[in-house]
Each structure stands twice: as C-alpha cells, then as structure tokens.
1. Please go through the range 1-106 and write out the trypsin sites (Lys or Arg not before Pro) that DSSP classes as loop and that have at most 10 other C-beta atoms within 10 Å.
2. Lys/Arg Cβ at +1, Asp/Glu Cβ at -1, dipole of the chain taken about the Cα centre: which of VAL199, ILE146, VAL44 is farthest positive-ward?
3. Over the chain, what is the relative contact order in whole percent, taking alpha-carbon pairs under 8 Å and six or more residues apart?
4. Measure off 7 Å from each Cα along the Cα-to-Cβ vector at SER166 and TYR215, then give the distance between these two points in nanometres to one decimal.
5. Arranged by the count of other C-beta atoms within 10 angstrom, fewest first, what order do VAL58, VAL90, VAL42, VAL63 take?
6. With +1 assigned to the C-beta of every Lys and Arg and -1 to the C-beta of every Asp and Glu, and no other charges, what is the dipole magnitude of the range 1-94 about the Cα centre in debye, to the nearest 20?
7. Can you compute the helix-only [θ] at 222 nm over the chain? Use -39500 (n - 2.57) per DSSP H run of at least 4 residues, normalise by all residues, nearest 500 deg cm²/dmol.
8. Just how large is the dipole of the range 29-215 about the Cα centre, in debye to the nearest 20, putting +1 at every Lys and Arg Cβ and -1 at every Asp and Glu Cβ?
Amino acid sequence: MHKLDFSVVLESWQLLLQGGLATLGLALAGMTLALLIGVAGVAVRQTRLRWAAAGVKVFIEVVRNTPFLVQIFFLFFALPFMGIRLNPTVTSIIALGINGGAYAIEIIRGGVEAIPKGEIEAAAALGLSRADVFRFIILKPALRAIYPALSSQFIMLTLTSSVCSSISAYELTSMAQRVESATFRSFEVFFTITGMYLVIAWLLMLMFDAIARRYFSYPLK
C-alpha cells in the first residue's frame, strides 16, 4: 500500500512557492493585457469603420472557438517560422491576454450596450468629445455593471495559466511537474498545488473585492 509522504513537498516548498508567485505574476500580466484588449476591442466596435469592427468579430470567434492549448502552441511553435521567437514567459502572457481579451470584449460590450442611448446623446449635446463620452458616460458605468462577470473570467484565466506548463513556462504546475518527476510522489505534489491554486484564487477574489469597493461602489467619486 502506498504511504503518503509529504516530506518531499516540505523539502521543495521554496520551488513550489516560487512557482505560485510566478503564476500570480503571469495571471496579473495576462489580465492587464486582456483588459486592454477588451477595452480597445469595444472601442473599435463602437467606431464607424465596418472593416475594423468586422476584424474584431473575427478575432473573437477564432479565439473563443479554439482551445487555449492550441493557441499557446501556435504562438510558441508556429511564430518562429515567421521569424518571431518568444520565450515561454512572454508567450504565456500574450496567450493569456489574447484569450482573456476575446472574452473581455464580449463582456464589456454587453455592459456598454446596456447604457441608455439618451445619456450618450445628452453628453454629446453638452459638447463632450467622443473620447470623453466613451470614457466617462459609457466605459465606467459599463465596467461597474459587468465587473462581477469580468473578475470571474479573470480568475478562470488564472487557473487556465496551468496550461502554460505545456511550453515549460515558469509557473506553479511546471514546478510541480519538476518535483513530481524527481520524487515520484504524484498525489502529494498535486494535492499540495491544488490547495495553492485555491489560495491564489482566494487572494485574487480579495483583490477584486477591494477594487470594487474603491472604484465601483455607490456613489461614484
């Protein structure tokens, strides 16, 4: 009978902790890029350039209907044929940003379309520029409305980062695989990182709750 032995985890706690911190860093960088892509994508869809809006729609459909593993493999293995070589960490951040950005565009778009047109027309009548209307009248109220869905999507994106181990990116799952291959203690190692992923998700939820209280609580400051 296999006896549990968590001493191998204790001996490798520094490696796993570094992997956990790396995962958190990847996630935050990927979220930032995803949010930028999401806002930019919605802004493009609000323009009168039909070809640009159509390009955003194609981007969304391609990303949402292909596996994340295929996307990250394409960036890591296919781009070198085009003369573009990225290291695993940069590839992971870009892949997470692109994947999360496609979903963020649709989430933010739903919030934007919920803004009453009368408010937009009133702001334009007061002389606000199109950029100011988008920033103050559309974007902030929309973000407040869709913030719970957006934060949940970003937590899911964090957990998706475990797939980045497939290209040997420096993150928690790849560090766990390294420990497991050296000790052959699969249950102990992956049981431990399951708890670590739960802690990471919990920390992100606390962070998102703090942001919501600071920037999206009533009344708006």
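1. Values: sites: LYS3, ARG45, ARG48, ARG50, LYS57, ARG64, ARG85; in loops: LYS3, ARG48, ARG85.
Taking the range 1-106 and a limit of 10 other Cβ atoms within 10 Å, the loop trypsin sites (Lys or Arg not before Pro) found are LYS3, ARG48, ARG85.
2. Among VAL199, ILE146, VAL44, the one farthest towards the positive end of the dipole of the chain is VAL44.
3. Details: 223 pairs, mean separation 70.3, N = 221.
Value for the chain: 32 percent.
4. The two pseudo-label positions are separated by 3.1 nm.
5. VAL58, VAL90, VAL63, VAL42
6. Values: 7 positive and 3 negative charges, 124 e Å.
Dipole size: approximately 600 debye.
7. Numbers: 9 runs with 157 residues, N = 221.
Value at 222 nm, helices only, nearest 500: -24000 deg cm²/dmol.
8. Details: 16 positive and 10 negative charges, 96 e Å.
I would put it at about 460 debye.
Values in this text are rule-based calculations from the coordinates and carry no lab data. Model, not experiment: these values are computed from the prediction. Counting neighbours? That spans all protein chains shown, and the Cβs are built from the backbone with ideal geometry, glycine included.
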